[in-house]
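Engineer: Sharing a structure with you now.
What follows draws every value from the coordinates through simple rules; no lab data is involved. This structure is a prediction, so every number in the text was calculated from the model and none was measured. Methodologically, a virtual Cβ is constructed for each residue, glycine included, from the backbone with ideal geometry; neighbour enumeration extends over all protein chains shown.
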Amino acid sequence: MKIYSVGGAVRDELLGLPVTDRDYVVIGATPQQMVAQGYKPVGKDFPVFLHPQTHEEYALARTERKTARGYHGFAFHAAPEVTLEQDLERRDLTINAIARDEQGNLIDPFNGVADLKARVLRHVSAAFAEDPVRILRLARFSARFAPFGFGIADETMDLMRRMVSEGEADALVAERVWQELSRGLMEAKPSRMFETLRACGALARVLPEVDALFGVPQRAEHHPEVDTGVHVMMVIDYAAGRDYALDVRFAALTHDLGKGTTPRGEWPRHIAHEERSVERVAALCERLRVPAECRDLALIMARQHGNIHRAAELRPSTIVQLLQSADAFRKPDRFTRLLQACESDSRGRLGFGDRPYPQAERMTVAFKAAATVDAGAIAKQLSEPSRIKDGIHQARVAAVRAVLNESGD
């Protein structure tokens, strides 16, 4: 029995990056032998075991054979006679098909080290085309390694285009799309993921609402970058640069989806695009089964970002209505993340990256003032239940008016 460190741990060590998880492949062993040595079996589709002390994953070397379309259409074969090279050959990219033995020696049958040095993402073999999830994974890796200058090999991009044209991308299931999308949004330069998907034609298949934004113009005085798709890419990269949470980045990605439905005759204006965005966001989230936290912030962002951008023009009563609509009083942390998404939208424009965004401070000050109102005390003071809601609203408006030093409504 021989054990090798494989995959991302070896790759990241060679890149000088910190390693958080290690995976191992075991050559020449049976499941019974692994269990006899104290390893705990956890694999469903193929034999994977947890080390009895470190709980790291050890997988028996295996080969796989395509049996049907899609992610689950594979038959796996794990046996003591499967070689290390056969196991590495089924992996997606050459940089992920490097192994290190227990003496520290590298085993690199597919020239992954050379591709690391050349900063190239290249598929290992034609078997790449058998798994559509690999399109998403490669796009995610492109986003992760963009700061290191990695590009995609021409032959790999050609292969992905063929996979899309042959319908493999249509077999992707919602759970895997969201899993890779959410991970890609959390990478260093998430825009690269979407650019990669668009370049091979997969974006139109998995996220047609986002793909539809490219080529849609906006008014140049507000958006010097003009193209809506380009703007959205700038917004998610700004959010990533500030290390904002996943729900903020997803809201940044989806806030302008309604602009993709604006009739050409109305370009570059997008009247009432917010409501259309809400409809598109809701449909996308239902299709991909997006978690509630991400869905809810995205819906609020789509509906309210224009109003928050106009915070300086809003009357105290309108501000309180906005806070209520955004459910800020029950979920203040989410309201803070809404402002982060709005800030990303404002600064994700050509030449706007360093410009101030006073709207966030104004809304924060207003919210803190309105939140000091004791709704319970007001409810006790008012004998008629029908007056309680309006009484609380008026008290909040008064608090906002006072802190903003404004008169009137």
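Engineer: Taking every pair of alpha-carbon atoms in region 312-409, give the share separated by more than 21 Å as a whole percent.
Structural biologist: Everything past 21 Å amounts to 39 percent.
Engineer: Roughly what percent of Cα-Cα pairs across region 157-285 reach past 18 Å? Could you put the intermediate results ahead of the total?
Structural biologist: Values: 4535 of 8256 pairs.
More than 18 Å apart: 55 percent of the Cα pairs in region 157-285.
Engineer: Under a cut-off of 29 Å between alpha-carbon atoms, report the lysines in cross-link reach of K117, not counting same-chain residues fewer than 8 places apart.
Structural biologist: Within the straight-line cut-off, K117 pairs with K2, K189.
Engineer: Identify all lysines with a Cα-Cα distance to K44 below 18 Å; exclude those on the same chain that are fewer than 8 residues away in sequence.
Structural biologist: Qualifying lysines at Cα under 18 Å: K66.
Engineer: Further question on the same structure: Order of 92-100, 374-382 by packing, highest average Cβ count within 10 Å first? If you can, show how the numbers build up before the last one.
Structural biologist: Working: 92-100: 24.1, 374-382: 12.7.
Averaged packing, sorted descending, gives the order 92-100, 374-382.
Engineer: Still on this structure, I have one more. Roughly what angle does helix 358-371 make with the longest principal axis of the chain, taking Cα atoms, 0 to 90 degrees, to the nearest 10?
Structural biologist: 70 degrees
Engineer: List the pair-distance distribution P(r) of region 259-340, using every Cα-Cα distance, as the percent of pairs falling in each 10 Å bin from 0 up to the bin containing the longest distance, rounded to whole percents.
Structural biologist: Going out from 0 Å in 10 Å bins, region 259-340 shows 17, 43, 32, 9, 0 percent.
Engineer: Then there is this: On C-alpha positions alone, give me the angle between the axis of helix 191-200 and the longest principal axis of the chain, in degrees, nearest 10.
Structural biologist: Here the helix axis deviates by roughly 60 degrees.
Engineer: Using all Cα-Cα distances in the chain, what percent lands in each 20 angstrom bin from 0 up to the longest?
Structural biologist: For the chain, the pair-distance distribution reads 23, 45, 25, 7, 0.
Engineer: At q = 0.16, 0.19, 0.24 Å⁻¹, what is the base-10 log of I(q)/I(0) for region 209-315 according to the Debye formula with one equal point scatterer per Cα and no solvent? Please give it to two decimals.
Structural biologist: Values, matching the q order: -0.70, -0.99, -1.44.
Engineer: Oh, and also: Go through region 254-331 and name the trypsin sites (Lys or Arg not before Pro) that are in a DSSP coil and have 15 or fewer other Cβ atoms within 10 Å of their Cβ.
Structural biologist: Numbers: sites: K259, R264, R269, R276, R280, R287, R289, R295, R303, R310, R330; in loops: R269, R289, R310, R330.
In loop regions of region 254-331 (DSSP not H, G, I, E or B), the sparsely surrounded trypsin sites (Lys or Arg not before Pro) are R269, R289, R310, R330.
Engineer: Treat each spin label as a single point 7 Å out from the Cα along the C-beta direction, and report the D243 to A220 distance in nm.
Structural biologist: Between D243 and A220, the label points sit 3.9 nm apart.
Engineer: For region 245-260, in order, what is each residue's ³J(HN,Hα) by Karplus, 6.51 cos²θ - 1.76 cosθ + 1.60 with θ = phi - 60°, in whole Hz (x at glycine and Pro)?
Structural biologist: Listing the rounded values in order: 5, 4, 5, 5, 5, 5, 4, 5, 5, 9, 5, 10, 4, x, 5, x Hz.
Engineer: Between Q37 and E175, what length in nm is gained on full extension when 0.36 nm per residue of separation is reduced by their alpha carbon distance? Please list the in-between numbers first.
Structural biologist: On the way: separation 138, 0.36 × 138 = 49.68 nm, distance 3.51 nm.
Full-extension gain reported as 46.2 nm.
Engineer: Another question about this same structure. For K380, which lysines qualify as cross-link partners when the Cα separation must be under 18 Å and same-chain residues fewer than eight apart are set aside?
Structural biologist: Here the lysines satisfying the reach criterion relative to K380 are K389.
Engineer: Provide the per-residue ³J(HN,Hα) series for region 17-26, in order, calculated from phi with Karplus coefficients 6.51, -1.76, 1.60 and θ = phi - 60°, each as a whole number of Hz, with x at glycine and proline positions.
Structural biologist: 3J(HN,Hα) across region 17-26, in whole Hz: 9, x, 10, 9, 10, 10, 10, 10, 10, 10.
Engineer: Right, something else. Check each of the GluC sites (Glu not before Pro) in region 318-408 and keep only those in coil by DSSP with at most 16 other C-beta atoms within 10 angstrom; list them in order.
Structural biologist: Taking region 318-408 and a limit of 16 other Cβ atoms within 10 Å, the loop GluC sites (Glu not before Pro) found are E406.
Engineer: So what's region 1-118 giving for Rg/Rh, alpha carbon basis, Kirkwood Rh from the mean inverse pair distance?
Structural biologist: Values: Rg = 14.4 Å, Rh = 14.9 Å.
My calculation puts Rg/Rh at 0.97.
Engineer: With a Förster radius of 30 Å, plug the Cβ-Cβ distance of T336 and D12 into 1/(1 + (r/R0)^6) and report the FRET value to the nearest 0.05.
Structural biologist: Numbers: r = 33 Å, r/R0 = 1.10.
Result of the calculation: an efficiency of 0.35.
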